[in-house]
Amino acid sequence: MAGSGRISARIHPPSVLWLDVADEPLMWTEQAPHEWVDWWAVNPRPDGSSPRWGPTNDNVEEMLEQVAEGSAICFAPSSMAQYYARPDLSWVPLTDAEPLRTVLARVDGADNALVRGFAEVVRELAADARALSDD
């Protein structure tokens, strides 16, 4: 959410529900399949309504600039708050949306030291992320 946007003009809550932002225009991209966009947008909403679509974007930087300008909000994975931290944006958890699940997929039989090492790093990072979210 933009630091000067309609939502963030209030005291930043520790989290929001989709209903709290239901009237806000929502960023989206034409670069992704509609099913993906609908999942991220919580479309349809639990009450059956559709999002209020805002401007489109072609990449993360463009999306963040438009959010910072106050054009719209976006739903994003919590990891973006760490990698795209900006003083003009607030990252507020959307608590009633299904969490993003990420998996490591690999070709059957591709079990060598490099693959095992990469998988171990992924496990460690996932454990660290879970520990941070529990704090």
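Just wondering, is there one or more residues in region 74-84 that are aliphatic (A, V, I, L, M) and either assigned to a loop (DSSP other than H, G, I, E, B) or more than 23 Å from Val16 (Cβ to Cβ) (or both)?
yes
Answer yes if at least one residue in region 112-134 is part of a loop (DSSP other than H, G, I, E, B), open to solvent by less than 80 Å² (accessible area, probe 1.4 Å) and either farther than 24 Å from Asn43 by Cα or touching a Leu at 6+ places or on another chain (Cβ under 7 Å) (or both), and no otherwise.
Within region 112-134 (the criterion being part of a loop (DSSP other than H, G, I, E, B), open to solvent by less than 80 Å² (accessible area, probe 1.4 Å) and either farther than 24 Å from Asn43 by Cα or touching a Leu at 6+ places or on another chain (Cβ under 7 Å) (or both)), the answer is yes, since at least one residue qualifies.
Among Glu61, Glu65, which is under 23 Å from Pro13 (Cα atoms) and either outside any loop (DSSP other than H, G, I, E, B) or not polar (S, T, N, Q) (or both)?
Just one listed residue meets the conditions, Glu65.
Would you be able to say whether some residue in region 9-30 is aromatic (Phe, Trp, Tyr), exposed (fewer than 15 other Cβ atoms within 10 Å of the Cβ), at pLDDT 85 or above and out of contact with any Leu (no Cβ under 7 Å at 6 or more places or on another chain)? Break it down stepwise before answering.
Narrowing region 9-30 to residues aromatic (Phe, Trp, Tyr): 18, 28.
Add one more test, that the residue is exposed (fewer than 15 other Cβ atoms within 10 Å of the Cβ), and what stays is none.
No, region 9-30 has no match at all.
Give Ala81, Ala105 a once-over and let me know the one that is under 15 Å from the mean Cα position of the chain (by Cα) and under 27 Å from Gln31 (Cβ atoms).
Selected residue: Ala81, the only one of Ala81, Ala105 that is under 15 Å from the mean Cα position of the chain (by Cα) and under 27 Å from Gln31 (Cβ atoms).
The values are calculated or read from the model by the stated rules, or taken from the named source; none is laboratory data. These numbers were taken from a predicted model, which means no experiment stands behind them. So basically every Cβ, Gly included, is an ideal-geometry build from the backbone, and we count neighbours across all protein chains shown. Areas reflect the complete protein model, heavy atoms only, side chains present, ligands, DNA and RNA absent. Shrake-Rupley method; radii C 1.70, N 1.55, O 1.52, S 1.80 Å.
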